[in-house]
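Okay, structure first, notes after.
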Amino acid sequence: MRKILTVVAMVFALLSCADATVKEYKLEIVAEYPHDTESYTQGLFFHKGDMYESTGMNGKSTLRKVDMQTGKPVKRLDFDRKYFIEGSTVLGDNLYVLTWESRIAFIYDAKTLTYKTSKAYPREGWGITTDGKQLIASDGSANLYFMDGDFKLDRKVTVTYDDRPVRWINELEYIDGKIWANVYTYDEILIIDPKDGVVEGVIDCRGLLPKKLYTVTTDVLNGIAYDPENEKIYRGIDYACGTVHVHACICRCVREQRSDLCLHGQQQGYYSYRLYRKNQCK
C-alpha cells in the first residue's frame, strides 16, 4: 500500500508542479469505433497499417491482429494458461511478445504471425516499443531499457520529472523521436526524451471514461499505439467489473496538429472506441 500511495503523491505532482518546460495537454471527443469486448489490453501497436493487440489475464492471454472497423480479431493466437502476456512490438521481421513474471519473451514472424522461438527475458515484462533500431522496454520501475533484438542491454535511462524518478512506467510507444508512456494506475501519458529520460510533456486523461461507467473496480489506462500511415495514436483503459475483467474498448483519440491519440478501455455493456481531439493547455 505504501508504494501505491507514494506513486499517487508523485503523479499528482506531475500535473501540479510549476515546471515551465513541461507541456500539459487535455482532450475532447470527436468519434467512436467498435472493439472486441473480450480483450484486456496489455500491448497495442500498428504494423504496416494494421492494429495488433496483446492481451493479458491469468489463464487467458492472446495476441491479435484487429480489424479496426469491427473490433474483431482477424487473426488470434492463444497462449498457454501459465503465461500472463504483456507488451508487444515489431522490430525488423520479428514480432516480440513479453510475459509479466515468467521472464520469457515469444518471437513471431511479423508478417505471418508464425511462431519462431522463445528467449529468456532478463526482467519482468511490462511495456515495450521500438525506435526502429532497438527495443525499448519498461519493467514497472522508473527505468527504460534499450536492447537489441536478442535482449542484450545497450543502455538504460531513468524517467524523471523535476529531477525526481517516476515509477510504475508501463505501456510505451515511440512517436516522432519521443517515448510516450503511461504510469500504472494513473490517468496521464508522459512524453519522454529517450536520450536522458526527462519528461517533456504530460497528457491529462482524467475524465475520459464517463462517470456512469465507473465501478469500484475500475482499473487503469493501458496500451499506446501509433499508426504513422494516418498519424493516429491509440491508448487503452483496462478495468475489472466485479471479479471478472471485462474489456470493452472505449478508444479515445486525441489530435495535436498531425497526430491523433486514441484511448480505449472496457466496461460492461459499453464497448466502443472514442476519438478525442487534444489541445495544449493555455
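Looking at (1) in contact with a His (Cβ under 9 Å, 6 or more places away or on another chain); (2) under 30 Å from residue 202 (Cβ atoms); (3) in contact (Cβ under 8 Å) with a residue 60 or more places away in the chain, which one does residue 110 not meet, given that it meets all the others?
(2)
Say we look at the range 51-73 and pick out the residues that are surrounded by fewer than 18 Cβ atoms within 10 Å (Cβ to Cβ) and touching a residue at least 24 places away in the same chain (Cβ under 8 Å); which of these is farthest from residue 110 (Cα to Cα)?
Keep residues of the range 51-73 that are surrounded by fewer than 18 Cβ atoms within 10 Å (Cβ to Cβ), which gives 58-60, 65, 67, 69-70, 72.
Adding the requirement that they be touching a residue at least 24 places away in the same chain (Cβ under 8 Å) leaves 58, 65, 69-70, 72.
Details: 58: 25, 65: 11, 69: 22, 70: 22, 72: 19 Å.
Going through the qualifying residues, I end up with 58.
If you go through the range 172-193 one residue at a time, do you hit one that is closer than 25 Å to residue 53 by Cβ, touching a Ser or Thr at 6+ places or on another chain (Cβ under 8 Å), part of a strand (DSSP E or B) and without any contact (Cβ under 8 Å) to a residue 24 or more places away in the chain?
Checking the range 172-193: not a single residue is closer than 25 Å to residue 53 by Cβ, touching a Ser or Thr at 6+ places or on another chain (Cβ under 8 Å), part of a strand (DSSP E or B) and without any contact (Cβ under 8 Å) to a residue 24 or more places away in the chain.
Could you grab me the full set of residues in the range 47-66 that are under 16 Å from residue 127 (Cα atoms) and acidic (Asp, Glu)?
53 - this is the single residue of the range 47-66 that is under 16 Å from residue 127 (Cα atoms) and acidic (Asp, Glu).
Inside the range 92-130, can you point out the residues that are closer than 14 Å to residue 172 by Cα and out of contact with any Asp or Glu (no Cβ under 9 Å at 6 or more places or on another chain)?
Result: 96, 130.
Checking the condition exposed (fewer than 15 other Cβ atoms within 10 Å of the Cβ), farther than 30 Å from residue 163 by Cβ and touching a Ser or Thr at 6+ places or on another chain (Cβ under 7 Å), which residue from 78, 109 passes? So that I can check it myself, show each step before the final result.
On the way: 109 fails: touching a Ser or Thr at 6+ places or on another chain (Cβ under 7 Å).
None of the others qualify; the one that does is 78.
Every number here is computed from the coordinates shown, using simple stated rules; none is lab data. On a predicted model such as this, the values are computed, not experimentally measured, just so you know. Don't worry about glycine lacking a Cβ; one is built from the backbone with ideal geometry, like all the others, and counts go over all protein chains shown.
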